[in-house]
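*Asks:* Questions regarding the structure given below will be posed in turn.
The values are calculated or read from the model by the stated rules, or taken from the named source; none is laboratory data. Keep in mind that what you see is a predicted model, and the values were worked out from it rather than measured. Here Cβ is always computed from backbone atoms with ideal geometry, including for glycine, and neighbour counts include all displayed protein chains. SASA here: full protein model, heavy atoms, side chains in, ligands and nucleic acids out. Shrake-Rupley method; radii C 1.70, N 1.55, O 1.52, S 1.80 Å.
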Amino acid sequence: MLNNRNILCISGTEWNGNYIKAVVELMKVLSTQNRILFVENAYTYKDALAGVSDKDKIDFKKVLGLKTRVCTIKTDNGGTVHVLFPPLVFPVNFLPHGALYNNLIKFNAWLLRRVVKKALKKLNMHNELINFTSFNPGMGLMTGHTFGEKTLIYHCYDEIKGAPYWLARHGLRLEEGFLKMVDATIVTSQGLYDSKKDFTKQCFIVKNAVKVDLFKKGFNSTPNPGKKVVGYVGTIDDRSDYDLLHYLFTSMPDAEFVFVGRILSERGLAILKKYPNVKIEGPKMPEQLPPYLQSFSVGIIPFVKDDFTKGIYPMKINEYLAAGLPVVSTAFGDIADFASLIKITDDKEMFLQYVLSEIADDTPVKRLTRLKTAESNTWDKRAEELSTVIEQVEAGLK
């Protein structure tokens, strides 16, 4: 594992978000032996005026620099992470590509670069610096190789062309430039590897994992075949196959379907609200999820199959398995690792039959086997894999 290194993580997410992100979990593990400066995704002036749903409230004193931008957090595994709150930036994504856009994004990058350099100096984090930019290729492209970093890594955990925020004009172009700049790209799935490998110097796969100690709190060793609670943990968005869900809802009127997660699609929300046997719980903090999993009879992953979803390695598979749940999924991407343990089909009738049979045929032995599989996919293991990749990349740079 990496040891005694300085890691700058310029992230496309928040440290204390209400859902689990791979980069946060990796940084938590690495923080026990390394110094971490985690830079949160910057809020825009529009966010400040209009508010931001499903996110922490903006601390205006921090983003305006009226109090220290850096706070130190003790992680649950005994590590220490420094979290930097960047200044407010101008919203630029709605603009067409041109002089105004270019000047504003350069100014936003200057704002970020200024506060990051100040924080690195204050924390004495210049030597042996790894710049680990996680799903924020715009700022990566604008600030990469400006911090005296030894190694520049792009961590890509989603297909950017499928992310609504980036779809609006600029994402693919910015990512294309960043892929060429970095020393290596690390992705989380085979689909992402196939999509990025030809456009970057080196590409490696480090898959997602699970916080076993957290999600095994939802483990219930004794299934109840007479109870039918079909659960989904994740965002309500356009990745879901709503025709398949309609078929399930109407074919299982005696079952309860529970959706737990952020709502990113008003269309999806409106569809789900039509059905009396569907319960929408909204976003929850990670520690609130185990009781829901404990109440489920089966966990589902009803994704459509397209260019976006083929790059997904969903953390929810391991989360379901850590709770001992049977899992039924569409064949949206490369989930061959789980082919012997979960049911996979794109046929809606077969999907229904799998849901019913997995509930009816569940046993304590099967549940324990699922838990043991999840226990082999921990963030500690993934952090070791990540460390090996970075060391390999750095060896090639000498």
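*Asks:* Looking at (1) more than 26 Å from THR32 (Cα to Cα); (2) open to solvent by less than 60 Å² (accessible area, probe 1.4 Å); (3) without any contact (Cβ under 8 Å) to a residue 60 or more places away in the chain; (4) not β-branched (Val, Ile, Thr), which is the only condition PHE351 fails?
*Replies:* It is condition (3) that PHE351 fails.
*Asks:* What number of residues within region 297-311 are more than 19 Å from PRO286 (Cβ to Cβ) and either modelled with pLDDT of 90 or more or of a type in the set (Ser, Thr, Tyr) (or both)?
*Replies:* So in region 297-311, the residues more than 19 Å from PRO286 (Cβ to Cβ) come out as 297-298, 300, 302-311.
Filter once more, keeping what is either modelled with pLDDT of 90 or more or of a type in the set (Ser, Thr, Tyr) (or both): 297-298, 300, 302-305, 309.
Final tally of qualifying residues: 8.
*Asks:* Which is of a type in the set (A, V, I, L, M), surrounded by fewer than 22 Cβ atoms within 10 Å (Cβ to Cβ) and touching a residue at least 60 places away in the same chain (Cβ under 8 Å), of LEU397, LEU386?
*Replies:* Of the residues listed, the single one that is of a type in the set (A, V, I, L, M), surrounded by fewer than 22 Cβ atoms within 10 Å (Cβ to Cβ) and touching a residue at least 60 places away in the same chain (Cβ under 8 Å) is LEU397.
*Asks:* Does VAL83 count as open to solvent by less than 40 Å² (accessible area, probe 1.4 Å), more than 25 Å from VAL389 (Cα to Cα), out of contact with any Asp or Glu (no Cβ under 6 Å at 6 or more places or on another chain) and not aromatic (Phe, Trp, Tyr)?
*Replies:* Here the answer is no, as VAL83 does not meet what is asked.
*Asks:* Condition first: open to solvent by 20 Å² or more (accessible area, probe 1.4 Å), out of contact with any helix residue (DSSP H, G or I) (no Cβ under 6 Å at 6 or more places or on another chain), of a type outside the set (D, E, K, R) and at pLDDT 95 or above. Can you find one or more residues in region 29-43 that meet it?
*Replies:* Within region 29-43 (the criterion being open to solvent by 20 Å² or more (accessible area, probe 1.4 Å), out of contact with any helix residue (DSSP H, G or I) (no Cβ under 6 Å at 6 or more places or on another chain), of a type outside the set (D, E, K, R) and at pLDDT 95 or above), the answer is yes, since at least one residue qualifies.
*Asks:* Restricting attention to region 104-116, does a residue exist that is open to solvent by 20 Å² or more (accessible area, probe 1.4 Å) and touching a helix residue (DSSP H, G or I) at 6+ places or on another chain (Cβ under 6 Å)?
*Replies:* yes
*Asks:* Still on this structure: Filtering region 339-348 down to residues that are open to solvent by 60 Å² or more (accessible area, probe 1.4 Å) and not in a loop (DSSP other than H, G, I, E, B), which residue is nearest to VAL233 (Cα to Cα)?
*Replies:* My answer is LYS343.
*Asks:* Of the residues ASP238, ASP254, which single one is open to solvent by 10 Å² or more (accessible area, probe 1.4 Å), farther than 19 Å from ILE301 by Cα and not in a strand (DSSP E or B)?
*Replies:* Values: ASP238 fails: farther than 19 Å from ILE301 by Cα.
Exactly one of ASP238, ASP254 is open to solvent by 10 Å² or more (accessible area, probe 1.4 Å), farther than 19 Å from ILE301 by Cα and not in a strand (DSSP E or B), namely ASP254.
*Asks:* If you don't mind, there's one more thing I want to ask. Which numbered condition in (1) among the hydroxyl-bearing types (Ser, Thr, Tyr); (2) at pLDDT below 95; (3) closer than 14 Å to TYR320 by Cβ is the only one that SER340 fails?
*Replies:* (3)
*Asks:* Sticking with this one: Mind listing just one residue for me: the one in region 257-290 that is free of Cβ contacts under 8 Å to residues at least 40 places away in the same chain and either within 17 Å of LEU214 (Cα to Cα) or of a type in the set (D, E, K, R) (or both) and, of those, least open to solvent (accessible area, probe 1.4 Å)?
*Replies:* Top of the filtered list is VAL260.
*Asks:* I've got another one for you. Looking for whichever is among the small types (Gly, Ala, Ser) and touching a Gly at 6+ places or on another chain (Cβ under 9 Å) here; the options are GLY268, GLY226, GLY231. Which one fits?
*Replies:* On the way: GLY268 fails: touching a Gly at 6+ places or on another chain (Cβ under 9 Å); GLY226 fails: touching a Gly at 6+ places or on another chain (Cβ under 9 Å).
Step by step, each of GLY268, GLY226, GLY231 is checked, and only GLY231 is among the small types (Gly, Ala, Ser) and touching a Gly at 6+ places or on another chain (Cβ under 9 Å).
*Asks:* Here is a further query. Note down all Cβ pairs under 6 Å where the first residue falls in region 291-316 and is at positive phi and assigned to a loop (DSSP other than H, G, I, E, B), the second is buried (at least 24 other Cβ atoms within 10 Å of the Cβ) and at pLDDT 90 or above, and they're at least six residues apart or on different chains.
*Replies:* Going by the 6 Å Cβ cut-off, there are no qualifying pairs.
*Asks:* List pairs: first residue in region 317-338 and part of a helix (DSSP H, G or I), second residue open to solvent by 10 Å² or more (accessible area, probe 1.4 Å) and acidic (Asp, Glu) anywhere in the structure, Cβ distance under 8 angstrom, at least six positions apart or on different chains.
*Replies:* Here the result reads ALA322/GLU375, each pair linking region 317-338 to a residue that is open to solvent by 10 Å² or more (accessible area, probe 1.4 Å) and acidic (Asp, Glu).
*Asks:* Give me the residue from region 44-55 that is surrounded by fewer than 13 Cβ atoms within 10 Å (Cβ to Cβ) and not in a helix (DSSP H, G or I) and, out of that set, modelled with the lowest pLDDT. First the steps, then the outcome.
*Replies:* Let us first name the residues in region 44-55 that are surrounded by fewer than 13 Cβ atoms within 10 Å (Cβ to Cβ), namely 45, 49-51, 53.
Within this subset, residues satisfying the condition of being not in a helix (DSSP H, G or I) are 51, 53.
Values: GLY51: 68, SER53: 57.
Looking at residues that are surrounded by fewer than 13 Cβ atoms within 10 Å (Cβ to Cβ) and not in a helix (DSSP H, G or I), I get SER53.
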